[in-house]
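Peer 1: Could you have a look at this structure, given as structure tokens, before my questions?
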């Protein structure tokens, strides 16, 4: 249901326009009881993104990466962030971006990325919408070393692990990145179902 009739943007002030665009927005919001209330909010915009989980259904493995994330480090996370390949769209379609990031960051060719979700990762502050994909891969799909782009400051460690171990890492807090958790949970529900225990054989 559209809320456009309940929002009156009065002013947008750009406070910073470097890697992220920080904008102070002054608006009138029509409350549920019909009264109008002036509010001020800050929005951070650095564009939309795509993320992809590579999985091998035969060997029950996934490909993840580790890299430095300065904001999480500043918030007390004294370790590399474990993630799926991801990056900003920069004018590409979400599927094309997902393919490119898989090759650039982890060195794998993504077979037919399948769309899973688009989600606002922190809608109280960020305009960013992440498009999530999954794609099968095999051992023959490793076409490069990965590692990201040095001129962009990327220094990425690539690793493959059993899917069950990845889920254990979510449970014990070693995996803390939201998009990665979401894609792994999707995989748990739809790609790697728990094997059914066979019924006991009657004599």
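The values are calculated or read from the model by the stated rules, or taken from the named source; none is laboratory data. Because the structure is a prediction, the values reported are computed rather than measured. Note that each Cβ is placed from the backbone with ideal geometry, even for glycine, and that neighbours are counted across all protein chains shown.
Peer 1: Regarding residue 146, is this residue more than 16 Å from the chain's Cα centre (by Cα) and either surrounded by fewer than 16 Cβ atoms within 10 Å (Cβ to Cβ) or within 30 Å of residue 43 (Cα to Cα) (or both)? Let's see the steps before the verdict.
Peer 2: On the way: more than 16 Å from the chain's Cα centre (by Cα): yes; either surrounded by fewer than 16 Cβ atoms within 10 Å (Cβ to Cβ) or within 30 Å of residue 43 (Cα to Cα) (or both): no.
In short, no.
Peer 1: Of the residues in segment 96-111, how many are over 17 Å from residue 159 (Cα atoms) and surrounded by 15 or more Cβ atoms within 10 Å (Cβ to Cβ)?
Peer 2: Summing the residues that are over 17 Å from residue 159 (Cα atoms) and surrounded by 15 or more Cβ atoms within 10 Å (Cβ to Cβ) in segment 96-111 gives 4.
Peer 1: Can I ask one more? For segment 95-105, check the following and say yes or no: at least one residue is in a strand (DSSP E or B), in the same structural domain as residue 132 (by TED's automatic domain parsing), at pLDDT 95 or above and under 30 Å from residue 170 (Cα atoms).
Peer 2: No, segment 95-105 contains no residue that is in a strand (DSSP E or B), in the same structural domain as residue 132 (by TED's automatic domain parsing), at pLDDT 95 or above and under 30 Å from residue 170 (Cα atoms).
Peer 1: Out of the residues in segment 112-131 that are assigned to a loop (DSSP other than H, G, I, E, B) and without any contact (Cβ under 8 Å) to a residue 60 or more places away in the chain, state the one that is surrounded by the most Cβ atoms within 10 Å (Cβ to Cβ). Lay out the reasoning, then the answer.
Peer 2: In the first step, residues of segment 112-131 are kept if they are assigned to a loop (DSSP other than H, G, I, E, B); the result is 121-125, 127-128.
Still in the running and without any contact (Cβ under 8 Å) to a residue 60 or more places away in the chain: 121-124.
Numbers: 121: 15, 122: 10, 123: 11, 124: 8.
Per the stated criteria, the residue is 121.
Peer 1: With the requirement that a residue be in a helix (DSSP H, G or I) and closer than 21 Å to residue 87 by Cβ, what does segment 156-171 give you?
Peer 2: Scanning segment 156-171 gives a single hit, 166.
Peer 1: A further question follows. I'd like the residue in segment 25-44 that is surrounded by 14 or more Cβ atoms within 10 Å (Cβ to Cβ) and under 30 Å from residue 93 (Cα atoms) and, out of all such residues, is nearest to the chain's Cα centre (by Cα).
Peer 2: Among them, the one singled out is 44.
Peer 1: If you check residue 67 against the conditions, is it surrounded by 14 or more Cβ atoms within 10 Å (Cβ to Cβ), touching a residue at least 24 places away in the same chain (Cβ under 8 Å) and over 21 Å from residue 182 (Cα atoms)?
Peer 2: Answer is no for this residue.
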